[in-house]
Amino acid sequence: MRLSIKSLFVSFGGFILLSLAACASSENAADRAAVCKNRFENAEKRFKNKEFSRAKAPLDEILAYCAGTGYMEQAQFLLAETHFNLKEWLEARGEYSSFAMNFPSSPYIETAEYRKAVSSFNMKYHIARDESNTNQAMKDFERFASNYPESPLLDSVNYYLGQLTERLAERDFQIARLYFRIDEPQAAIIYLKEFLTFYPKSKRLKDVTSLLIQSYTLLDQFESARSYLSFAREIGVSDKEYQEDINDLEKDIQKAEVKFEKKLKKEQKQKLLYKEESNAS
């Protein structure tokens, strides 16, 4: 009997302790939720007042300590928006990426994916250096277009893709021009012909065609030079200044042909003289 009473007291005591712990836990959760709510409202107010730098700290605190309170989704999106407005492109892209990964069903997901791509577009780019940021931005925009084919943002996406394509075109043009300047016209031609294949609508199209004509002229390949001369007249038909440049290029071809003919005649005379001297000996 004593054992039963003792067991009853132990069980009752354990129940009391568990009840007290549960109450304490509930109070802590309620307190934490209230703190997180206050922090989010504070950050949101600063964001709306365009105090973007001051909004970051409370948002970072929410992401660190407020899991399970219902404020994580809004806080992460608002933090990404904060970096975006501050033009902190690397950080913005990172936060938008995390948001898309953590909340793929969010009503903000389309905006987040689009602004992630815009952030990639705005990251530092150097024409003569690594183009990885450009390639990343193109992938981001292409993925957006694939995932949201009916989005009203597609016109803007296509604009950015055009700008990114032009970056790559400019890089290839600069490489070709460098080869031309160091007297490597054959290497320049390889890049220039690829340029016409991949970037037929580039703003550099006239410059590329002119450089092709000059390169072929330097190589004494006059038939190819004249072929691109005809192409140049077609694409520059409404550009009087470019037509004048084309006329100058045509004169250069003519001069080069005359020079080449003289060179051939001189070589032929030398060969004939050498043959006569050989026969005489």
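What is the calculated FRET efficiency for T165 to K271, with r their C-beta to C-beta distance and R₀ = 45 Å, to the nearest 0.05?
On the way: r = 51 Å, r/R0 = 1.14.
About 0.30, to the nearest 0.05.
Can you tell me the dipole magnitude for the chain around its Cα centre, using point charges on the Cβ only (Lys, Arg +1; Asp, Glu -1), in Debye to the nearest 20?
On the way: 41 positive and 42 negative charges, 113 e Å.
Using Cβ point charges on Lys, Arg, Asp and Glu, the chain gives about 540 debye.
So what are the ³J(HN,Hα) numbers for region 52-69, from phi and the Karplus equation (6.51, -1.76, 1.60; θ = phi - 60°), rounded to whole Hz, Gly and Pro as x?
5, 4, 6, 7, 5, 4, x, 5, 4, 5, 4, 5, 7, 10, 10, 4, x, 9
Report the residues of region 86-129 in range of a label on S53: point 7 Å along Cα→C-beta, backbone N strictly under 12 Å from it.
86
Put +1 on the Cβ of every Lys and Arg and -1 on every Asp and Glu Cβ in the chain; which of F260, A176, P58 then has its Cα farthest towards the positive end of the dipole?
The one lying farthest along the dipole's positive direction is P58.
Please say if region 168-281 is rounded, prolate or oblate, where rounded means a/c under 1.5 for a ≥ b ≥ c the square roots of the C-alpha gyration tensor eigenvalues, and otherwise the choice is prolate for a/b larger than b/c and oblate otherwise? If you can, show how the numbers build up before the last one.
On the way: a/c = 3.79, a/b = 2.12, b/c = 1.79.
Cα axes put region 168-281 in the prolate bin.
Using a Förster distance of 30 angstrom, determine the FRET efficiency expected from the C-beta separation of E41 and S98, and round it to 0.05.
Numbers: r = 22 Å, r/R0 = 0.74.
Between E41 and S98 the formula returns 0.85.
Of K206/K263; K87/K201; K124/K193; K45/K116; K206/K251, which ones are farther than 27 Å apart at the Cα?
Numbers: K206/K263 31 Å; K87/K201 31 Å; K124/K193 29 Å; K45/K116 24 Å; K206/K251 18 Å.
Flagged as over cut-off: K206/K263; K87/K201; K124/K193.
Counting helices only, and only those DSSP H runs with n ≥ 4, report the 222 nm mean residue ellipticity of the chain as the sum of -39,500 (n - 2.57) divided by its residues, in deg cm²/dmol to the nearest 500.
On the way: 11 runs with 230 residues, N = 281.
When only DSSP H runs of four or more count, the value is -28500 deg cm²/dmol.
For region 75-169, report the convex hull volume of the alpha-carbon atoms normalised per residue, in Å³, without decimals. Kindly include the intermediate steps, with their values, before the conclusion.
Details: hull volume 8.5 nm³, N = 95.
Taking only Cα atoms, region 75-169 has a hull volume of 89 Å³ per residue.
Dipole of region 168-281, Cα-centred, from +1 at each Lys and Arg C-beta and -1 at each Asp and Glu C-beta, to the nearest 20 debye? It would help to have the intermediate numbers written out before the result.
Details: 21 positive and 21 negative charges, 35 e Å.
Approximately 180 debye in magnitude.
Which of rounded, prolate or oblate describes region 141-186 when judged by the alpha-carbon gyration tensor and an a/c cut-off of 1.5?
Prolate, because a/c is 1.5 or more and a/b exceeds b/c.
Read the figures in this text as sums done on the coordinates, not as results from a lab. No experiment lies behind these values; they were computed from the predicted model shown. Here Cβ is always computed from backbone atoms with ideal geometry, including for glycine, and neighbour counts include all displayed protein chains.
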